[in-house]
Amino acid sequence: MTTVQDIFGFLKEAAPLELQMDFDNAGFLIGHADSEVQTVLLALDVTDEVTEEAIRSGAQLIISHHPVIFHPVRSITDTRADTVKLLRLIENRIAVISMHTNLDIAAGGVNDVLIRLLGAETDGALDADGCGRVGHLPAPVAVEDFLDRCKQLLQVNGLRYVSAGKSVQRLAVMGGAGADSLAQAAALGCDTYVTADIKYHDFLSAKELGINLIDADHFCTEDPVIADLRDRLSAAFPALCFLKSSVHRQTVQLF
């Protein structure tokens, strides 16, 4: 019999909780540690739709990237929109494990998967916390061709970018919100930085720093780790069923 605790133990080996940042709330957040697990649903977020998907699929456990509980919760009732899904999870005995900034930082985590998917070999971390990655492509790629690569491989419905007129070879990435590391990417000699949640002034700064800056969406830059994690878990627990959410996808749409 495989329990929630068994799977949590595997995840802690892959992405130790000690790596998470101070503001974070990664870990085993809902459920019984000794509950038997046969079906696991993986998703970037535990949304209402993902919760209902877990119920329909008969999952005993959801593994997410973003914590389902991030801020203190004073009550869990069906009269509060922000806690209805927590109540649904508890009523249906569905446990939740969330691996957040620890999975961003860990070897083989969010950023290693992202930079590998974009065709680069990792040279090291981008920032002092160990988050983000810097790497290099085997050969220079025209920025227009690299934009097409990003769009196709990350399955993003649109890219916001500014071009510094440079081809792409020395690449920095940070899944999710990474604008704060733009100057560091430039200081490390990167010609291109792929991240998300970029503001107007960040694009202006990128032009001044002489670095291509690509906003490839928060969801789309982090979601690739979910399929990778599913495959790793399937190899470690071959008797179990691991499903990647089919209802959770890029939230922001472009008209």
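Near Lys151, which lysines are there with a Cα under 23 Å away, not counting those fewer than 8 places off in the same chain?
Lys166, Lys199, Lys207, Lys244
Does segment 107-221 classify as rounded, prolate or oblate by the C-alpha gyration tensor (a ≥ b ≥ c root eigenvalues; a/c under 1.5 gives rounded; else a/b over b/c gives prolate, otherwise oblate)?
rounded
What order do you get for Met1, Met174, Met21 when you list them from fewest to most C-beta neighbours inside 10 Å?
Lowest count first: Met1, Met21, Met174.
Between Glu49 and Phe70, what is the label-point separation in nm under the 7 Å Cα-to-beta-carbon projection?
Here the modelled spin labels are 1.8 nm apart.
Could you work out the helix-only [θ] at 222 nm for the chain, with each DSSP H run of four or more residues adding -39,500 (n - 2.57) and the total divided by the number of residues, to the nearest 500 deg cm²/dmol?
Taken over the chain, the calculation gives -9500 deg cm²/dmol.
Among 96-105, 179-188, how do they line up by average Cβ neighbours within 10 Å per residue, starting with the highest?
Descending packing order for the listed peptides: 96-105, 179-188.
Quick one: Cα centre-to-centre distance for segment 79-151 and segment 1-51, in angstrom?
Segment 79-151 and segment 1-51 have Cα centres spaced 16 Å from each other.
Rank-order 70-81, 162-173, 143-154 by packing density, defined as the average count of other C-beta atoms within 10 Å over each peptide's residues, highest first.
162-173, 143-154, 70-81
Given axes a ≥ b ≥ c from the Cα gyration tensor, I'd like to know whether segment 4-102 is rounded (a/c under 1.5), prolate (a/b larger than b/c) or oblate.
oblate
Which length gain, in nm to one decimal place, applies between Thr251 and Glu91 when the Cα-Cα distance is subtracted from 0.36 nm times their residue separation?
That works out to 54.9 nm of additional length.
Between Arg149 and Glu208, what's the calculated FRET efficiency when r is the beta-carbon distance and R0 is 35 Å? Round to 0.05.
Calculated transfer efficiency: 0.85.
Can you tell me how the chain classifies by the Cα gyration tensor, rounded, prolate or oblate, using a/c under 1.5 as the rounded cut?
Because a/c hits 1.5 or more and a/b exceeds b/c, the chain counts as prolate.
FYI, it's all coordinate maths here, none of it is from the lab. Every value quoted in this text rests on a predicted model; they were computed, and no experiment measured them. Please note: Cβ atoms are built from the backbone with ideal geometry, for glycine as well, and neighbour counts cover all protein chains shown.
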